[in-house]
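The values are calculated or read from the model by the stated rules, or taken from the named source; none is laboratory data. Computed from a predicted model, the values in this text were never measured in an experiment. Here the Cβ positions follow ideal geometry from the backbone for every residue, glycine too, while neighbour counts run over all protein chains shown. Note: areas computed on protein heavy atoms with side chains; ligands, DNA, RNA excluded. Shrake-Rupley method; radii C 1.70, N 1.55, O 1.52, S 1.80 Å.
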Amino acid sequence: MTDQTPEQPEWAKDLQKALQNTAAELGKGFNQMSRILAAQGAMGWAYRGDLEAARKALATLPPDHLQEISAAAAVLASLADETLRERR
């Protein structure tokens, strides 16, 4: 008897590799979705005037994402002001 296990067929190796890649991509997707939901939650809390809850939501985000949110919020504020001026 030998202790060697038979080598996996090429299709099985390819399937295993694809599943590992898919799991990694799903993890990245869930991470990004979580960040987006935290940012949306912070916006909702700020809209309702609950700044403490907004701070808590933002505290869960990394600095690079906070910078993106800050830039997007500045653009949104500018667009809202512009739209308001157009309606007057």
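One table, with the values for the structure above:
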{"item": "Charge dipole of the chain about the Cα centre (unit charges at C-beta), most positive-ward option of Ala53, Gly41, Ala80", "result": "Ala80"}
{"item": "Largest-first ordering by accessible area, 1.4 Å probe, given options Arg35, Arg88", "result": "Arg88, Arg35"}
{"item": "Modelled FRET efficiency - R0 25 Å, Ala77 with Glu25, Cβ distances, 0.05 increments", "result": "0.15"}
{"item": "The chain, dipole about Cα centre (Lys/Arg Cβ +1, Asp/Glu Cβ -1), debye to the nearest 20", "result": "560"}
{"item": "For the chain, convex hull volume per residue from C-alpha positions, Å³", "result": "165"}
{"item": "Portion, in percent, of the accessible area of the stretch 12-87 that falls on carbon or sulfur, probe 1.4 Å", "result": "61"}
{"item": "Residue-normalised accessible area of the chain, given per residue in Å² at a 1.4 Å probe", "result": "87"}
{"item": "Relative contact order of the chain, defined on C-alpha pairs under 8 angstrom at six or more residues apart (%)", "result": "17"}
{"item": "Whole-Hz ³J(HN,Hα) from phi, Karplus 6.51 cos²θ - 1.76 cosθ + 1.60, for the stretch 38-46, glycine and proline x", "result": "5, 5, 5, x, 4, 5, x, 5, 5"}
